[in-house]
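Below you'll find the structure, written out as structure tokens, and then a few comments.
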Amino acid sequence: MMISAQAYGGNGKVKEYHYTGPVEHKFSPYAFNGGTVLAVAGEDFALVASDTRLSEGYSIHSRDSPKCYKLTDTTVIGCSGFHGDCLTLTKIIEARLKMYKHSNNKSMTSGAIAAMLSTILYGRRFFPYYVYNIIGGLDEEGRGAVYSFDPVGSYQRDTYKAGGSASAMLQPLLDNQIGFKNMENVEQLPLSQEKAVQLVKDVFISAAERDVYTGDALKICIITKEGVREEIVPLRKD
Amino acid sequence: MALLDVCGISDWVKEDTFSSQKASVDRVNHFNFAAREPELAVPIGVDPADFLKPFTDCEDGVEGVTIKLEHGTTTLAFKFQHGVMVAVDSRASSGSYVSTQMFKKVIEINPYLLGTMSGSAADCVYWERLLAKECRIYKLRNKERISVSAASKLLANMVANYRGMGLSMGTMICGWDKKGPGLYYVDDNGLRLSGNMFSTGSGSSYAYGVMDSGYRYDLTVPEAYDLAQRAIFHATHRDAYSGGTVNMYHMQETGWIKVSQEDVGELYHRFAAEKK
């Protein structure tokens, strides 16, 4: 007879499911709404993809709540984490974009948006926006660019990045398929747009299998010099 | 106006010190969106460090909310007869997840000043960018480059205002000014130390061991490169929160140069082959 080791304590972090004594509940300003975001940068294109499930605890609030927001013709941002903060943050970014456009008579470039977002996020260092952001777009030379952020504004330019609830599952897969990390004697082919889109679809199908917060549908924003094109692909709804 | 700001007239009137009454305003002014003056919002009525603890430190957090901030590192710098060597790793971790293996932990403030980053990535990047801005303004106002001593003092005073609020930053300001090579350690408590050799971060003890055993003031340049690289490599080998690549910079009289960026995996094979 196998006795589950979980019931026998451990490192003091055993959850007691039948605890019936008094419990103190405090108001928490945050909630976790799930969702996964992914961005890939190619030679002359960028992809930003997200699932469209909005959950909280054991419930699903909506099956049609995408997490990609178009900022300019060359930049799309994906935000996952706490939906309330995502909405406010995108509102603030859009307002700052308009202010920049009116005072400088041109649209903000992807790199400039990324630097600005870093300072916006750090402005709330002591009460962070609970949002994991990834910006995908084209840089001034027309090459794909991906910028990934932590909740308080630390950021880096990458070639590909996954963020959100299934990020720990997707990132290693991307490291293998796009980054060819730690592989010897492999021919490192550059990623074409068709291959990248197919890879993103496959990767999200896998994420929906194993992460409860990811699923329902996948929205991919493809950014090229012609503009931003959207594709919607259904995923598992369970 | 931009010119007025650069001349610094508004500085005489503006209050630079931390005021607890102003700090209890937690709303960023939505009408100017902090576009003119940088503003830091603070939650009302609570100690900011305690406020964040249940969300960042707890395993489960509150109802599954875990705000994971990027952390962890090994950095080192030492002075020797030919200038200052700076070497850093490149791993950024959020909790036990490695967010990236290619994080830039050396910020190039100007061609004669470098700053390293360890601790919380966002804190270091933000305050050192602000320091870069202050150094540029100093140069425009005084028509000469800022000294390393003054630059490190500016940074130390900026973060001392937020002491006790949960910032995590351990940085080394390295440069070459009129007095020669300069190396200062500045941390989030406002501590500022001048010295010949420093190492910071979770892997610093391992780096100190290797550095101390091989350090002499009269190292040649190739010997210094080798020592710095080995020290970071051994720290990445033993510290779980350090890894990725070893980035090395050399601060000379004519400014800094980037020496190399080598993956730790390749270094391991190179050192192992040497042992045979």
Problem - Ellipticity estimate at 222 nm from DSSP helix runs (n ≥ 4, -39,500 (n - 2.57)) divided over chain A, nearest 500 - result: -9000 deg cm²/dmol
Problem - 26 Å Cα-Cα threshold exceeded, pairs from B:Lys105/B:Lys153; A:Lys161/B:Lys133; A:Lys201/A:Lys237; A:Lys195/A:Lys219; B:Lys105/B:Lys133 - result: A:Lys161/B:Lys133
Completion exercise
For the protein assembly as shown, shape from the Cα gyration tensor axes a ≥ b ≥ c, cut at a/c of 1.5 then a/b versus b/c, turns out rounded
Problem - Cα gyration tensor category, rounded, prolate or oblate, for region B:170-215 with a/c compared to 1.5 - result: oblate
Problem - Separation in nanometres of the label points that stand 7 Å from Cα toward Cβ, at A:Arg143 and A:Asn185 - result: 3.1
Problem - Given chain A, longest segment not containing exposed loop chymotrypsin sites (Phe, Trp or Tyr not before Pro) (DSSP; at most 14 other Cβ within 10 Å) - result: A:59-179
Completion exercise
On the formula 1/(1 + (r/R0)^6), with r taken between the Cβ atoms of B:Gln81 and B:Leu193 and R0 of 25 Å, the FRET efficiency rounded to 0.05 is 0.70
Fill in the blank from the handout: So the compactness index of chain A, its C-alpha Rg divided by 2.2 N^0.38 Å, takes the value 1.12
Handout entry: Longest site-free stretch - chain A; sites: trypsin sites (Lys or Arg not before Pro), DSSP loop, at most 10 other Cβ within 10 Å
Key = A:107-224
Fill in the blank from the handout: Residue span A:Ser192 to A:Glu43: 0.36 nm per residue of separation minus Cα-Cα distance leaves a gain in nm of 52.8 nm
Handout entry: Extension gain, B:Glu223 back to B:Ala240 (0.36 nm per residue minus Cα-Cα distance, nm)
Key = 3.4 nm
Handout entry: Spin-label pair B:Ala273/A:Ala115, simplified geometry with 7 Å Cα→Cβ offset, distance in nm
Key = 4.1
Completion exercise
Treating every alpha carbon of region B:105-153 as one equal point scatterer without solvent, the Debye formula yields log10 I(q)/I(0) values at q = 0.14, 0.32 Å⁻¹ of -0.32, -1.30
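Every number in this text was worked out from the coordinates using simple rules, so none of it is lab data. Values in this document were obtained by computation on a predicted structure and should not be read as measured data. No Cβ is skipped: glycine too gets one built from the backbone with ideal geometry, and neighbour counts run over all protein chains shown.
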